[in-house]
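**Student:** Below are the C-alpha cells for one structure; questions will follow.
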Amino acid sequence: MSQTYDFSVNGKPVSVALDNEATPLLYVLRNELGLMGTRFGCGLEQCGCCMVLIDGEPVKSCNREISALPGKSVTTVEGLGTREHPHPLQQAFLDEQAGQCGYCLSGILISAKALLEKNNAPTRQEIALALDGNLCRCGSHNRIIRAIQRAAAVMRGASQ
Ligand code: FES
Ligand code: FES
C-alpha cells in the first residue's frame with residue numbers, strides 16, 4: 001500500500017506517494033519529481049554526485065530513505081540559480097571552466113554552497129576538506145577550487 005511523504009524541494013512543497021518507504025531520495029528527485037540535475041554515480045555513498053542539501057546540510061541522497069524526509073527542506077542543484085540568474089558559484093564555475101565532463105559538478109556545487117554558508121573565505125585546504133566526499137574523475141580539482149574561491153570573493157563583494 002502506498003504512503004504519502006510531504007516535504008519541500010527548492011522552496012516548494014511536494015507530496016509523493018510511494019509503495020516502498022526505503023526508496024532513496026535520489027530516485028524520488030529524478031523519477032517522481034523530474035529533477036535530473038542530481039546524479040546517480042555509485043549508489044553507495046562513495047562519489048558525492050548525488051549530493052543535496054537537507055535542512056542546509058550536504059547529504060548523499062542515494063541512500064537517504066524517503067521515510068526520513070517528511071517535514072524536511074531539500075535543495076538540489078536546480079535550486080541554486082537559473083540560467084538567467086545563476087548562483088555566484090555557478091557563474092564562477094563557468095568563468096573558470098571548472099569541469100570537464102561535468103558529471104560530478106552538481107554534487108560539488110552543493111558541497112560548495114554548504115561550505116560558503118559557513119565560511120565566506122575558505123582556504124584551499126578548507127575547500128579540499130569540504131569536497132572530501134566528492135570525487136571528480138576528470139581531475140578538475142584545481143579549477144574547481146579556484147572557482148569556489150572566486151565565488152566566495154564575489155559573494156563577499158571583494159575584488160578577485
Ligand atoms: S551516487 Fe550517491 S554517493 Fe555516489
Ligand atoms: S568534471 Fe568529470 S567527473 Fe568531474
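None of the figures in this text is laboratory data; all of them are computed from the coordinates on show. None of the values given here were measured: they were computed from a predicted structure. As a convention, Cβ positions derive from the backbone with ideal geometry for all residues, glycine included, and neighbour counts pool all protein chains shown.
**Student:** Spelling out what I want: for every residue of the stretch 120-126, take phi, set θ = phi - 60°, compute 6.51 cos²θ - 1.76 cosθ + 1.60 (Karplus), and round to whole Hz; glycine and proline get x.
**Tutor:** Values per residue, Gly and Pro as x: 8, 9, x, 7, 4, 5, 5 Hz.
**Student:** Looking at the stretch 61-105, which trypsin sites (Lys or Arg not before Pro) are in a loop (DSSP not H, G, I, E or B) and have at most 15 other Cβ atoms within 10 Å?
**Tutor:** On the way: sites: R64, K72, R83; in loops: R64, K72, R83.
Those satisfying the criteria are R83.
**Student:** Oh, and also: How much net charge surrounds L94 when only other residues with a Cβ under 12 Å from its Cβ are counted (Lys, Arg +1; Asp, Glu -1)?
**Tutor:** Every neighbour counted, the sum reads +1.
**Student:** Multiply the residue separation of E57 and V154 by 0.36 nm, subtract the distance between their alpha-carbon atoms, and state the gained length in nm to one decimal.
**Tutor:** Going from the current span to full extension adds 32.7 nm.
**Student:** List the residues, sorted by chain then number, that are 5 or more residues from R64 or on another chain and whose placed amide H is less than 5 Å from its amide H.
**Tutor:** L25, L26
**Student:** Using θ = phi - 60° and the Karplus relation 6.51 cos²θ - 1.76 cosθ + 1.60, list the HN-Hα couplings for the stretch 128-140 in order, rounded to whole Hz, with x at every Gly or Pro.
**Tutor:** 4, 5, 5, 9, 4, x, 10, 8, 10, 6, 7, x, 8
**Student:** Per 0.36 nm of contour for each residue apart, how much would the distance between C138 and N31 grow if the chain were fully extended, relative to their Cα-Cα spacing?
**Tutor:** 35.8 nm
**Student:** Amide H neighbours of V9 under 5 Å, counting only residues 5+ apart in sequence or on other chains, H built in-plane at 1.01 Å?
**Tutor:** Correct list: V14, V74.
**Student:** How large is the charge dipole for the chain, taken about the Cα centre, if only the Cβ atoms of Lys, Arg (+1) and Asp, Glu (-1) carry charge, to the nearest 20 debye?
**Tutor:** Dipole of the chain, to the nearest 20 debye: 580 debye.
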